[in-house]
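**Q** Let me give you the structure first, and then I'll get to my questions.
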Amino acid sequence: MKRSLLASLISSGALFAALAPAVSHAQAFDGQIRFTGKVSAITCKVNGQDAGLGNIKDVPLGTHAPALFLPLAQGARLPASEQPFSIVLSDCSGGGTAAISFDQVATQINTLSGNLRINTTLPATGLEIGIWNAGNGKTSKVTLGQAQAPAEVQTVTWDPAAATPTTGGSLDFMAAYIKTVPAATAVTSGSAGSDIGFIVAYQ
């Protein structure tokens, strides 16, 4: 009888419910569910394409000799790798304002530095990729892994009904390699790419 009662409790979840208060702060999660979405009456083309996972913006940071990194201080960016890029909105269905929200929980984000870890095959070491605002009056570094302060958020506004109609705009950024090891310490050769998802937030 006791065994069948135990089995019944386990199968029904009652035993787990009874134990939950004692172990809820110590248990390890086996996974997570991420809910994404937006509420908006506006739709735009993003970089000339429909929005979605297949919409990929390539930003080439170039090929650089390890020796170029050697004199850089830890946390400094490599000037030769600085590459501007834009997320261009066009053919918008109505007037509005938009901003970019980068994925805050991507596994390749180093939450201590706010940069992207290199996640390509046979990776170079001693460097990461940083992103900066570079347009619409904003020049601050984008600290990945956390929400940007409202004053640092880059926005673009358009109005197809204005005297000079507009149906979109550009959100401009810059990316570069950042050295993660001390000055006079070499980085190692290898591939040096990464990726980050983003959402266009409309108002």
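**Q** Is it the case, given these coordinates, that residue 55 is more than 14 Å from residue 175 (Cβ to Cβ), in a loop (DSSP other than H, G, I, E, B), touching a Ser or Thr at 6+ places or on another chain (Cβ under 8 Å) and of a type outside the set (Gly, Ala, Ser)?
**A** The answer is no for residue 55.
**Q** If you scan segment 171-188, which residues turn out to be surrounded by 14 or more Cβ atoms within 10 Å (Cβ to Cβ) and out of contact with any Pro (no Cβ under 6 Å at 6 or more places or on another chain)?
**A** Across segment 171-188, the qualifying residues are 171, 172, 173, 175, 176, 177, 178, 179, 180, 181.
**Q** Here's something else I'd like to know. Return the total of residues in segment 176-198 being over 17 Å from residue 74 (Cα atoms) and either small (Gly, Ala, Ser) or part of a loop (DSSP other than H, G, I, E, B) (or both). Before you say what the answer is, go through the steps one by one.
**A** Quick first cut of segment 176-198, residues over 17 Å from residue 74 (Cα atoms) only: 189-198.
Narrowing further to those that are either small (Gly, Ala, Ser) or part of a loop (DSSP other than H, G, I, E, B) (or both): 189-197.
Number satisfying all stated conditions: 9.
**Q** In segment 122-168, what residues are of a type in the set (Val, Ile, Thr), at pLDDT below 95, under 21 Å from residue 109 (Cα atoms) and out of contact with any strand residue (DSSP E or B) (no Cβ under 7 Å at 6 or more places or on another chain)?
**A** Selection gives nothing.
**Q** Quick check, is residue 62 in a loop (DSSP other than H, G, I, E, B) and modelled with pLDDT under 85?
**A** no
**Q** When you scan segment 89-110, do you find a residue that is of a type in the set (Gly, Ala, Ser), part of a loop (DSSP other than H, G, I, E, B), surrounded by fewer than 17 Cβ atoms within 10 Å (Cβ to Cβ) and within 11 Å of the chain's Cα centre (by Cα), even just one?
**A** The answer is yes, given that some residue of segment 89-110 is of a type in the set (Gly, Ala, Ser), part of a loop (DSSP other than H, G, I, E, B), surrounded by fewer than 17 Cβ atoms within 10 Å (Cβ to Cβ) and within 11 Å of the chain's Cα centre (by Cα).
Conditions (1) under 23 Å from the mean Cα position of the chain (by Cα); (2) modelled with pLDDT of 90 or more; (3) part of a strand (DSSP E or B); (4) over 30 Å from residue 202 (Cα atoms), marked per residue:
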| residue | (1), (2), (3), (4) |
| --- | --- |
| 15 | no, no, no, yes |
| 20 | no, no, no, yes |
| 33 | yes, no, no, no |
| 84 | yes, yes, yes, no |
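**Q** Out of 104, 74, report the one residue that is modelled with pLDDT of 95 or more, over 17 Å from residue 191 (Cβ atoms) and not small (Gly, Ala, Ser).
**A** 74
**Q** Would you check if there is a residue in segment 145-167 being surrounded by 13 or more Cβ atoms within 10 Å (Cβ to Cβ), touching a residue at least 60 places away in the same chain (Cβ under 8 Å), outside any strand (DSSP E or B) and hydrophobic (A, V, I, L, M, F, W, C)?
**A** No, segment 145-167 has no match at all.
**Q** Only one of (1) closer than 20 Å to residue 93 by Cβ; (2) surrounded by 14 or more Cβ atoms within 10 Å (Cβ to Cβ); (3) not hydrophobic (A, V, I, L, M, F, W, C) is not met by residue 203, so which one is it?
**A** (2)
**Q** Just give me the residues in segment 111-135 being part of a loop (DSSP other than H, G, I, E, B), surrounded by 16 or more Cβ atoms within 10 Å (Cβ to Cβ) and not aliphatic (A, V, I, L, M), in sequence order.
**A** 113, 114, 117, 126
The values are calculated or read from the model by the stated rules, or taken from the named source; none is laboratory data. Here the structure is a predicted model, which is why all the values come from computation and not from measurement. For neighbour counting, all protein chains shown are included, and Cβ atoms are generated from backbone atoms with ideal geometry for every residue, glycine included.
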